[in-house]
1. Looking at the stretch D:88-103 only, could you name the residues that are farther than 17 Å from D:GLY65 by Cα, in contact with a strand residue (DSSP E or B) (Cβ under 8 Å, 6 or more places away or on another chain) and within 11 Å of chain B (Cβ to nearest Cβ)?
2. Of everything in the stretch B:1-17 that's part of a helix (DSSP H, G or I) and either in contact (Cβ under 8 Å) with a residue 24 or more places away in the chain or more than 11 Å from every other protein chain (Cβ to nearest Cβ) (or both), which residue is farthest from B:ASN52 (Cα to Cα)?
3. Just a yes or no: is a residue in the stretch A:67-75 among the acidic types (Asp, Glu) and more than 15 Å from ligand 1 (Cβ to nearest atom)?
4. Considering the stretch B:127-141 alone, what residues qualify as being at negative phi, surrounded by 18 or more Cβ atoms within 10 Å (Cβ to Cβ) and touching a helix residue (DSSP H, G or I) at 6+ places or on another chain (Cβ under 8 Å)?
5. Which of the residues that make up the stretch A:68-112 are more than 9 Å from every other protein chain (Cβ to nearest Cβ) and closer than 19 Å to B:THR74 by Cα?
6. Restricting to the stretch A:87-116, and then to whatever is more than 24 Å from A:HIS132 (Cβ to Cβ) and surrounded by 17 or more Cβ atoms within 10 Å (Cβ to Cβ), can you tell me which residue is nearest to ligand 1 (Cβ to nearest atom)?
7. Quick check: anything in the stretch B:57-67 in a strand (DSSP E or B) and surrounded by fewer than 21 Cβ atoms within 10 Å (Cβ to Cβ)?
8. In the stretch D:5-16, what residues are within 12 Å of the chain's Cα centre (by Cα) and either of a type in the set (D, E, K, R) or closer than 21 Å to D:GLY39 by Cβ (or both)?
Amino acid sequence: MSAPRHDWTIASDVNEIAPIVEAVAELCAAAGFSSRVCRLNVPVALTEALANAIMRGNSNDPRRTVHVRVMIDTETLVLEVTDEGEGFDLERVRYSPDDADWFEREDGRGVFLMRKLMDHVESCRASGAYGHTVRLRLRRA
Amino acid sequence: MSAPRHDWTIASDVNEIAPIVEAVAELCAAAGFSSRVCRLNVPVALTEALANAIMRGNSNDPRRTVHVRVMIDTETLVLEVTDEGEGFDLERVRYSPDDADWFEREDGRGVFLMRKLMDHVESCRASGAYGHTVRLRLRRA
Amino acid sequence: MSFTLTRDDDRLVVDVDGQLIVSNRQEFKQLVLDEVEHGARLVVIDFAKSAYIDSSGLGALVSLGKRIRDAGGALRLAALNDDLRTLFELTRLDALFPLYATRDDALAAR
Amino acid sequence: MSFTLTRDDDRLVVDVDGQLIVSNRQEFKQLVLDEVEHGARLVVIDFAKSAYIDSSGLGALVSLGKRIRDAGGALRLAALNDDLRTLFELTRLDALFPLYATRDDALAAR
Ligand SMILES: Nc1ncnc2c1ncn2[C@@H]1O[C@H](COP(=O)(O)OP(=O)(O)O)[C@@H](O)[C@H]1O
Ligand SMILES: Nc1ncnc2c1ncn2[C@@H]1O[C@H](COP(=O)(O)OP(=O)(O)O)[C@@H](O)[C@H]1O
């Protein structure tokens, strides 16, 4: 018996997103997270992080990969999505429904949604690690 | 029944280190990590990270705190130690037994030991998070 | 994942079977815009077979809604489950689209 | 956590009960250096009751060793468990200190 897979490396292709999201939602369900979290919070937040890693971090460059890592313990879920980009200053991404063009713009709601659906969102380019990582954290309700 | 504690906030005082290290070693033992890892790798590496956070990151300033977070799942242990400092470039810390004064200098072996005892060591000042974090990762043997 | 389009005069119903996300937003937008070009004015998106949507899907709806309104038409959303409703509420985009319980409600509404 | 010092002529044995780490390195160094000031020349550190040591403890031993050698003496380590031995091997500091199985071996060695 081997433990279910907790990390994946995918090509920079948005079609890679759905299967990973499904696998991660299953891990969360197996770990006892609520069905609401497994159906809504995790899939949507992870989809956002993956889409940004593929399109923003890796600029859709097929030679670049995205790495996904899942950590689940009794209290907390942590999702790490690492791309090969330069990273960005998450603190400066503050677009919200209070902005004038929120109801007209097509893009720009990904970080907002991740923050709403997770307890904590951070971004870092670690010294001692490769690439740029967005880390999503959710405590069990 | 409540889950054992997985995170702590301590004052910048090296006397705070030992009790935390003991508690974390117990978590690792309960999670089924080898007794060698629980006795040696985890206590020493965590002691180093805490000492650096207290003395380097927080400059022993008693008003500053250090936050410790433990994540354990079926495959991996992650220890996060967050201080209130500016962080540093871990990549540039390369002091090793190959250096001329290794057998004479009193300090400077902390990062070396963490790298030897853990599978992965990284440092980052995350955008979207407070302070500077050293993250230690160890896969179950 | 598939979209099924049912056209009746100037009315178009799109069944979304699966998730409307970044990987299919362009296809979705194009399918609907083609119909709008060819006269569709009341567009109903039926989410009965859809679990969730991401910010790309939401964005596609926002820009489609604008294009359809500019053409003198209306975009209506039907049969959203609780999770989908939550997403529209969190982003306050429920203010932009009338949400209907069923596609028939959406088609019948004035 | 405690250090027990046993002095016999120019020979000093220090029992380390607990971990020699950043929080007690200064106390440890000071205790030993005081004895060296007062004539101790063969210093044996007995780790029988110690589980591990950190880089501060290792550093304290490195600098004590130097001070004691400069005073014409010797620093010897005894009764290290496997984990402690590993730490000396990883850091190659086993090259700097003779490691003895017991305190008596350390005291008896030429
Ligand atoms: N992984 C990433 N690498 C680099 N920049 C990113 C990344 N993720 C997000 N960003 C930046 O943050 C902005 C906001 O992201 P988001 O809210 O998801 O909206 P969108 O991606 O639709 O523009 C992006 O436009 C991009 O500039
Ligand atoms: N948390 C931290 N914050 C800032 N700088 C740090 C931190 N941890 C380590 N450093 C830097 O890295 C150097 C090497 O650390 P280490 O190998 O533990 O040796 P030591 O702390 O004994 O000097 C430190 O001297 C310090 O400059």
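The values are calculated or read from the model by the stated rules, or taken from the named source; none is laboratory data. Values in this document were obtained by computation on a predicted structure and should not be read as measured data. Ideal geometry is used to build each Cβ from the backbone, glycine not excepted, and the neighbour counts take in all protein chains shown.
1. none
2. Keep residues of the stretch B:1-17 that are part of a helix (DSSP H, G or I), which gives B:14-17.
With the extra rule that they be either in contact (Cβ under 8 Å) with a residue 24 or more places away in the chain or more than 11 Å from every other protein chain (Cβ to nearest Cβ) (or both), the set shrinks to B:14, B:16-17.
On the way: B:VAL14: 10, B:GLU16: 13, B:ILE17: 11 Å.
The qualifying residue farthest from B:ASN52 (Cα to Cα) is B:GLU16.
3. Step one: filter the stretch A:67-75 for residues among the acidic types (Asp, Glu), giving A:73, A:75.
Then keep just the ones that are more than 15 Å from ligand 1 (Cβ to nearest atom); that gives A:73, A:75.
Yes, there is a match, as at least one residue in the stretch A:67-75 is among the acidic types (Asp, Glu) and more than 15 Å from ligand 1 (Cβ to nearest atom).
4. Residues of the stretch B:127-141 that are at negative phi, as a first pass: B:127, B:129-130, B:132-141.
Narrowing the set further to residues that are surrounded by 18 or more Cβ atoms within 10 Å (Cβ to Cβ) leaves B:127, B:129, B:132-138.
Matches in the stretch B:127-141: B:SER127, B:HIS132, B:VAL134, B:LEU136, B:LEU138.
5. A:VAL68, A:LEU77, A:LEU79, A:GLU80, listed by residue number.
6. Initial filter on the stretch A:87-116 (more than 24 Å from A:HIS132 (Cβ to Cβ)): A:97-106.
Checking the rest, the ones that are also surrounded by 17 or more Cβ atoms within 10 Å (Cβ to Cβ) come to A:102, A:106.
Details: A:TRP102: 12, A:GLU106: 8 Å.
The residue in question is A:GLU106.
7. Here is the first cut: in the stretch B:57-67, the ones in a strand (DSSP E or B) are B:65-67.
Of the ones still in play, those that are also surrounded by fewer than 21 Cβ atoms within 10 Å (Cβ to Cβ) are B:65, B:67.
Within the stretch B:57-67, one or more residues are in a strand (DSSP E or B) and surrounded by fewer than 21 Cβ atoms within 10 Å (Cβ to Cβ).
8. Residues of the stretch D:5-16 within 12 Å of the chain's Cα centre (by Cα): D:5, D:12-16.
Of everything in the stretch D:5-16, those that are within 12 Å of the chain's Cα centre (by Cα) and either of a type in the set (D, E, K, R) or closer than 21 Å to D:GLY39 by Cβ (or both) turn out to be D:LEU5, D:LEU12, D:VAL13, D:VAL14, D:ASP15.
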